[in-house]
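To start, the structure under review is shown below, and the notes come after it.
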Amino acid sequence: MVFFCSLYLRMQRTYSFIIPVFNRPQEIQELLDSFSKLISHIEFEIVIIEDGSTLKSDKIALGFKNKLNISYFFKSNSGPGDSRNFGMQKATGNYFIILDSDCLLPPEYLMEVDKALTNHFLDCFGGPDAAHSSFTPLQKAINYVMTSFLTTGGIRGSNKTVQQFEPRSFNMGISKKAFQKSGGFGKIHPGEDPDLSQRLLKLGFQTGFIEKAFVYHKRRISWSTFYNQVKKFGLVRPILSKWHPESSKISFWFPSLFVVYTCLSIVLLFMEIWISIIPLGLYTLAIVLDSTIKNRSLWIGILSSFAVFIQFFGYGLAFIKSTFFIHLLNENPKKCFPQLFFD
């Protein structure tokens with residue numbers, strides 16, 4: 001049945017973009033402006049779900065009515081996962097593309113998605129993110145550490161479609177059939193996207209990575225919000241591994257091991273064992289050089305080295321804490337970390 005549904009969608013795909021938003025009208029303005037510049041003959045609709053905002057985007061959406069096929073809905077606040085489910089229930093298309101409000105689309109985005117799905121249909125796909133030239137140095141540095149092979153980005157994909165990829169909901173597609181069969185996103189956040197990916201795989205659907213379907217992800221971020229974000233990622237991962245043991249990877253431990261090694265190196269340094277700091281220094285230098293070359297800015301390279309330590313310490317310490325409570329003490333995730341769940 002899944003095969004025949006997939007075969008049908010290859011011939012009859014109609015696209016609905018699903019965009020939840022919370023108090024970010026300026027982001028919707030910029031995102032819709034990028035929609036208006038898409039290069040594609042393919043028709044699509046845009047479904048905006050206002051998740052209980054006090055700063056609404058309705059007037060922004062109305063301003064693009066003459067250019068784009070937009071539906072706007074307002075609902076009480078229930079989190080991004082539930083808002084995406086709400087949007088997919090309201091959408092008229094049979095293939096949903098989910099975006100975060102802080103993204104911008106390159107002109108070829110939909111054309112690349114449709115071409116990839118025509119050549120190799122996927123029930124659920126994920127695409128990469130990139131830094132736009134207009135982004136701030138901090139945004140570019142954080143984008144680097146989130147996507148670089150030298151940090152945690154190397155395990156997310158390569159230069160071809162990757163099977164059984166765990167899409168991230170800032171740039172993700174899912175067929176209507178897969179949404180209906182799976183029930184969509186769960187109540188956990190963050191982590192609702194890899195949870196959905198694993199449930200889709202268990203149902204027999206195919207997920208994958210489309211390299212050319214990239215978005216510019218602004219990541220409305222500061223050092224403190226970045227730390228809190230990666231900290232939540234660290235808390236969530238052991239919960240997901242508990243729910244889906246087959247998804248566990250040794251690489252999930254790398255940031256925690258980095259934290260342990262860094263702390264040990266500092267202790268040894270105080271004991272005047274200088275050699276302990278050399279690997280850490282070489283790694284930091286590699287980050288600075290690689291980011292400097294890719295971003296054509298030494299300042300962004302230096303910021304990237306700070307971002308790596310914030311990323312690994314935020315994620316790594318939280319991962320150890322969550323592993324202790326969830327796997328060793330067998331605590332209930334929702335009772336242990338209520339901040340990660342929406343009712």
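Overview of results
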{"item": "Crossing angle, helix 137-147 versus the chain [Cα axis fit, 0-90 degrees, rounded to tens]", "result": "90"}
{"item": "Exceeding the 24 Å Cα-Cα cut-off - candidates Lys218/Lys294; Lys56/Lys232; Lys115/Lys232", "result": "Lys56/Lys232; Lys115/Lys232"}
{"item": "C-alpha long axis of helix 2-11 to longest principal axis of the chain, angle in °", "result": "70"}
{"item": "For the chain: relative contact order, % (alpha-carbon pairs under 8 angstrom, 6 or more apart)", "result": "18"}
{"item": "Nearest-ten-degree value, helix 298-323 long axis tilted from longest Cα axis of the chain", "result": "90"}
{"item": "Karplus (6.51, -1.76, 1.60) ³J(HN,Hα), θ = phi - 60°, over segment 57-68, in Hz, Gly and Pro reported as x", "result": "10, 4, 5, 4, 4, 4, x, 9, 4, 6, 9, 10"}
{"item": "Over 26 Å between alpha carbons, listed pairs Lys90/Lys177; Lys140/Lys335; Lys75/Lys202", "result": "Lys140/Lys335; Lys75/Lys202"}
{"item": "Net charge dipole size for the chain [Lys, Arg +1 and Asp, Glu -1 on Cβ; Debye, nearest 20]", "result": "340"}
{"item": "Chain lengthening between Ser248 and Thr92 when straightened (0.36 nm per residue, less Cα-Cα)", "result": "52.6 nm"}
{"item": "Relative contact order of segment 237-340, defined on C-alpha pairs under 8 angstrom at six or more residues apart (%)", "result": "36"}
{"item": "Protection proxy ranking, peptides 217-225, 22-30, average beta carbon neighbours within 10 Å, highest first", "result": "22-30, 217-225"}
{"item": "Cα point-scatterer Debye curve for the chain, base-10 log of I(q)/I(0) at q = 0.07 Å⁻¹", "result": "-0.31"}
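Bear in mind that the values in this text are calculations on the coordinates, not laboratory data. Here the structure is a predicted model, which means the values were calculated and not measured. No Cβ is skipped: glycine too gets one built from the backbone with ideal geometry, and neighbour counts run over all protein chains shown.
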